[in-house]
Each structure stands twice: as C-alpha cells, then as structure tokens.
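The values are calculated or read from the model by the stated rules, or taken from the named source; none is laboratory data. For clarity, every value in this text was computed on a predicted model and none was experimentally measured. Please note: Cβ atoms are built from the backbone with ideal geometry, for glycine as well, and neighbour counts cover all protein chains shown.
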Amino acid sequence: IWNSYQSDLSPFDTLPDTHQYANFGHLDGYSAIYYTYQWSLAIATDMFSRFEENGLRDKATAAHYRDSVLVPGSSKPAADLVHDFLGRDWTPQAYEDHLVNAAESGEADDGDSE
C-alpha cells in the first residue's frame, strides 16, 4: 500500500526493500529536545488557565496578555513574558489537571485539542 501511494503521490521513486513507513525522522532528528513539545503545552495550558478563570472573552485578560506578552515580544526572555502575564512562575498544575480531565472523560490528548 505504501509503495503504491508513494508512487502515485510523490515525485520520488521508492527504493526496493526499504520500509519508509516505519521511519520517524522527526523524532530521530532531534530526539534530545523532542520533549519540548509537551513542555510548551504545559506552559500554554497554564497561561490559558488565566482565560478560563476570567472567561474566554474577558477583555481585561486579553488586554493584559497583549500588553505583557505580545507587545514586548522578543525584547524579553520568554520566561519573563510568561511570568509577567501570570504574575508568577508557571507551574505544571493546569497541564496535569488537563491530562487528568482528558483521561477521566476518555478524550485522547494529542496536543492539538482545545
């Protein structure tokens, strides 16, 4: 099946006796830092918890996010931007709660869920 689709959809020929479908070069290419996807998700979940606390449409929270994260942008280290928005260092608690809730509700967490 793989070779058939590869031939139909790719300009590159398949090599005989290879199993490209078993390759995960994305992970192999930088495995030492692959965990940062989950780390980023943990920080983002903590930041999003501020919106959940105050309501997703809360203008004051949105303005605070704009002023403390978006406006300074790369002029400050990312950790400082997160601290400025949260008013504290980030913690993994919101991410842990998210994972527990997803497990209890039977929802898979692929990192792309809302």
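Checking the condition modelled with pLDDT under 95 and in contact with a Leu (Cβ under 9 Å, 6 or more places away or on another chain), which residue from Tyr30, Tyr21, Tyr95, Tyr34 passes? Spell out how you get there, then give the answer.
Working: Tyr30 fails: in contact with a Leu (Cβ under 9 Å, 6 or more places away or on another chain); Tyr21 fails: in contact with a Leu (Cβ under 9 Å, 6 or more places away or on another chain); Tyr95 fails: modelled with pLDDT under 95.
Of Tyr30, Tyr21, Tyr95, Tyr34, the one residue that is modelled with pLDDT under 95 and in contact with a Leu (Cβ under 9 Å, 6 or more places away or on another chain) is Tyr34.
For the stretch 73-104, which positions are assigned to a loop (DSSP other than H, G, I, E, B) and either surrounded by 13 or more Cβ atoms within 10 Å (Cβ to Cβ) or within 17 Å of the chain's Cα centre (by Cα) (or both)?
Applying the first criterion (assigned to a loop (DSSP other than H, G, I, E, B)) to the stretch 73-104 yields 76-77, 87-92.
Hits for the stretch 73-104 are Lys76, Trp90, Thr91, Pro92.
Could you check the stretch 49-61 and list, in sequence order, the residues that are within 26 Å of Leu99 (Cβ to Cβ) and in a helix (DSSP H, G or I)? Before you say what the answer is, go through the steps one by one.
To start, the set of residues in the stretch 49-61 that are within 26 Å of Leu99 (Cβ to Cβ) comprises 49-58, 61.
Ser49, Arg50, Phe51, Glu52, Glu53, Asn54, Thr61, listed by residue number.
For the stretch 1-24, name all the residues that are more than 31 Å from the chain's Cα centre (by Cα) and of a type in the set (A, V, I, L, M). Walk me through it before giving the result.
Of the stretch 1-24, the ones more than 31 Å from the chain's Cα centre (by Cα) are 1, 3-4, 7-8, 11-18.
Ile1, Leu15 - these are the residues of the stretch 1-24 that are more than 31 Å from the chain's Cα centre (by Cα) and of a type in the set (A, V, I, L, M).
The rows are residues; the columns are (1) surrounded by 12 or more Cβ atoms within 10 Å (Cβ to Cβ); (2) of a type in the set (Ser, Thr, Tyr); (3) out of contact with any Ser or Thr (no Cβ under 8 Å at 6 or more places or on another chain).
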position: Gln6; (1), (2), (3): yes, no, no
position: Leu15; (1), (2), (3): no, no, yes
position: Tyr35; (1), (2), (3): no, yes, yes
position: Trp39; (1), (2), (3): yes, no, yes
position: Ile43; (1), (2), (3): yes, no, yes
position: Asp46; (1), (2), (3): yes, no, no
position: Leu56; (1), (2), (3): no, no, yes
position: Lys59; (1), (2), (3): no, no, yes
